[in-house]
1. Tabulate in residue order the Karplus-calculated ³J(HN,Hα) for region 24-40, using 6.51 cos²θ - 1.76 cosθ + 1.60 with θ = phi - 60°, rounded to whole Hz; enter x for Gly and Pro.
2. Residue 108's amide H: which non-local residues (gap 5+, or another chain) put their own amide H closer than 5 Å, with H modeled 1.01 Å from N in plane and none for Pro or chain starts?
3. Please give every one of the aspartates and glutamates within straight-line cross-link reach of residue 38, meaning a C-alpha to C-alpha distance under 16 Å, and leave out same-chain neighbours fewer than 8 residues apart.
4. Neighbouring Cβ atoms within 10 Å as the yardstick, rank 89, 33, 185, 102 fewest first.
5. Only sites in a loop by DSSP and with at most 13 other Cβ atoms within 10 Å count here; which GluC sites (Glu not before Pro) in region 118-150 make the cut?
6. By a straight-distance test (C-alpha under 20 Å), which lysines pair with residue 118 as possible cross-link partners, with residues fewer than eight away in the same chain excluded?
7. Are there chymotrypsin sites (Phe, Trp or Tyr not before Pro) in region 72-172 that DSSP marks as loop and that have at most 12 other Cβ atoms within 10 Å, and which are they?
8. Is the shape of region 79-167 best called rounded, prolate or oblate, per the rule: a/c under 1.5 gives rounded, else a/b larger than b/c gives prolate, else oblate, with a ≥ b ≥ c the square roots of the Cα gyration tensor eigenvalues?
Amino acid sequence: MAGLYGGSLTVGELLQHGDLGIGTLDSIDGELIVLDGKAYQAKGSGEKPEIVEVSPDALIPYAAVVPHQAEVIFRQRFEMTDQELEERIESYYDGENLFRSIKIHGDFKHMHVRMIPKSTSERKFAEVATHQPEYRRENVSGTIVGFWTPEIFHGVSVAGYHLHFISDDLTFGGHVMDFVIEEGIVELGAVDQLDQRFPVQDRKYLFAKFDVDEMKRDIEQSE
Ligand SMILES: [Zn+2]
């Protein structure tokens, strides 16, 4: 939120901590998608988004990954909107106080994503976030990956869903806005541990003066 977009952890090191997840890249250059132990970058500036595999030495300023272990697996057999599917997913949670990892492979009638555009640290996130390219695709097969954060951990992360999408043919993806699923397999994992890394060698982070109230307002506005 405060414009500290410099990467401080390599993708190679990140992948040692999990095989599924989300994030962004150095200079907030697009959306990071971690699927089956591989890291992909979705970026967009023109007509179509671009998906590339990320090299292990690429740096990331923010990411969340988990060794995904499905605890509940169900088949979604008929068409549903994202809101309807989220309600069904939540009906399988044991209480509402654990982070959940989510993996949904399926056929989507509609998928709507956005991409954070690469930016310099002079621009605040809330400002950058008002100009995000958005893309839509009809009838696309692929995988949604991400997390559900409990209300009690709002602040550590943002409460609710944070999902990224990548198509099977690696031509479409990004930060999920909304979708309609036709059918698919939904995997839900319960996260039993939270390990937060800090950029201990990043002078910009170490000496930054954060305006916490402003950051809270910006999170409300951007997410
Ligand atoms: Zn995202």
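Each reported figure results from applying straightforward, stated rules to the coordinates on display, with no laboratory input. Computed from a predicted model, the values in this text were never measured in an experiment. In this analysis, Cβ positions are derived from the backbone assuming ideal geometry, glycine residues included, and neighbour counts consider all displayed protein chains.
1. Along region 24-40, the couplings run 9, 10, 3, 6, 6, 7, x, 10, 8, 10, 10, 9, 6, x, 10, 10, 10 Hz.
2. Amide H to amide H, under 5 Å and 5 or more residues apart or across chains, residue 108 pairs with 140, 141, 142, 182.
3. Reachable aspartates and glutamates: 13, 19, 53, 57, 168, 169.
4. 185, 89, 102, 33
5. Hits after loop and neighbour filter: 122.
6. Within the straight-line limit of under 20 Å, residue 118 reaches these lysines: 43, 48, 204.
7. Within region 72-172, the qualifying chymotrypsin sites (Phe, Trp or Tyr not before Pro) (loop, at most 12 other Cβ atoms within 10 Å) are 78.
8. oblate
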